[in-house]
Amino acid sequence: MTRYILSRVLSAVPVLFVVSLVTFLLMWLVPGDVASQIAGPDATAAELEAIRQRLQLDQPIHIQAFRWYGNLLQGDLGQSYLLHRSVVDAVFERLPVTLSLAFMSLVLAVIFGVLLGVLAATNHNNWIDQVTMAGALLGLSLPDFWFGLVLIFFFAVGMGWFPTGGYTPFTESPLGWLRSMTLPACTLAFTQMGVIARMVRSSMLEQMGQDYIRTAKAKGLPRGLVLFKHALRNALIPVITLVGIMTGLLLGGTVVIEVVYSLPGVGRLIIGAIQNRDYPIVQGGLLMTAGIFVFVNIAVDILYTIVDPRVRNDR
């Protein structure tokens, strides 16, 4: 197990290297100039050139790349051109918002997706199954930003139960944090809940047709015990793998949701940095987000080996 964990951690290094390289090259190819953002529209050519020299943007791209990776090996992601502060500080300041949104969305998607999947599987081919799967398909079809606006209209503007936007830190008010995160998390979880519900239903139906389930029923075990202890436990194994992939989708989906609900997260920070050509923020923010995604998948792989003994025995 230790060798497996070490190999998975080491395999993350080239992935993060490729992510950082692609991000660096894409930002270099994007048209526009951060010097004009800093100096303003009335700046002269000499002023623009002076800013480029100060930021070392006048150097060849390979020199800039070597400097970027040299600083990265020392744990330095650079300084923001426009915020005049460390990239690490700027990202970590926004990271709790994005992580809490992604985590809360994941919890909601898993809980309700599993419950709906089990409900559909245990009522196979009747109206409950059809309604549940229709709802799951609806969740897969609706755009996040549109669904978010609908929730704001009904539950924030219409009923006044939740704020229309903004963020309250958990340390300031746990209840305020919960109110500010509920609608964004529900919006982000709705699509993924449909994916999990369909997978759990399919996996449950497959497990309920296995010999060990028929044996358990023949022994006279209670239906609930057979369903939840035996069938559901094995049906959740594919869902564990899906959670790793879903983490990346949720982290990426926070960008749209943060804009819709005016949340001060990493997604909005990166969007603003792209618009203003603040390259260090974009590179550092994407690299840290990719790192979270990679290591969550490593944790999921380790959990998979714990849940499924067959996988553990193959390591």
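Kindly state, to the nearest 0.05, the FRET efficiency for H84 paired with W161, given R0 = 41 Å and r defined as their beta-carbon distance. Once rounded, the FRET efficiency stands at 0.55. Sorting 18-24, 170-176 by average packing, meaning the other beta carbons within 10 Å per residue, from highest down gives 18-24, 170-176.
With the gyration tensor restricted to C-alpha atoms of region 183-236, the semi-axes of the equivalent ellipsoid amount to 30, 11, 6 Å, longest first. What is the sum of charges, Lys and Arg at +1 and Asp and Glu at -1, for the other residues whose Cβ falls under 15 Å from the Cβ of S180? Once all neighbours under 15 Å are counted, the net charge is +1.
A full extension of the chain between F92 and R67 corresponds to an added length of 6.7 nm, given 0.36 nm per residue minus the alpha carbon distance. Here the relative contact order of region 206-298, from alpha carbon pairs under 8 Å that lie six or more residues apart, stands at 21 percent.
What FRET efficiency comes out for D58 versus T171 if R0 is 35 angstrom and r is the Cβ-Cβ distance? Round to the nearest 0.05. Taking R0 as 35 Å, the efficiency between D58 and T171 is 0.20. Counting only Cα atoms, region 2-73 measures 60, 19, 16 Å along its principal axes, largest extent leading. Converting the Cα gyration tensor eigenvalues of the chain into ellipsoid dimensions via √(5λ) gives semi-axes, longest first, of 44, 26, 15 Å. When the Cα convex hull of region 159-200 is projected onto planes of every orientation, the mean area is 3.9 nm². Over all other residues within a Cβ to Cβ distance under 11 Å of L119, the charged ones net out to 0, with Lys and Arg as +1 and Asp and Glu as -1.
No lab work stands behind these numbers, since they all come straight from the coordinates. Please read these numbers as outputs of a predicted model, since none were measured by experiment. With ideal geometry, Cβ positions are generated from the backbone for all residues, glycine too; neighbour counts draw on all protein chains shown.
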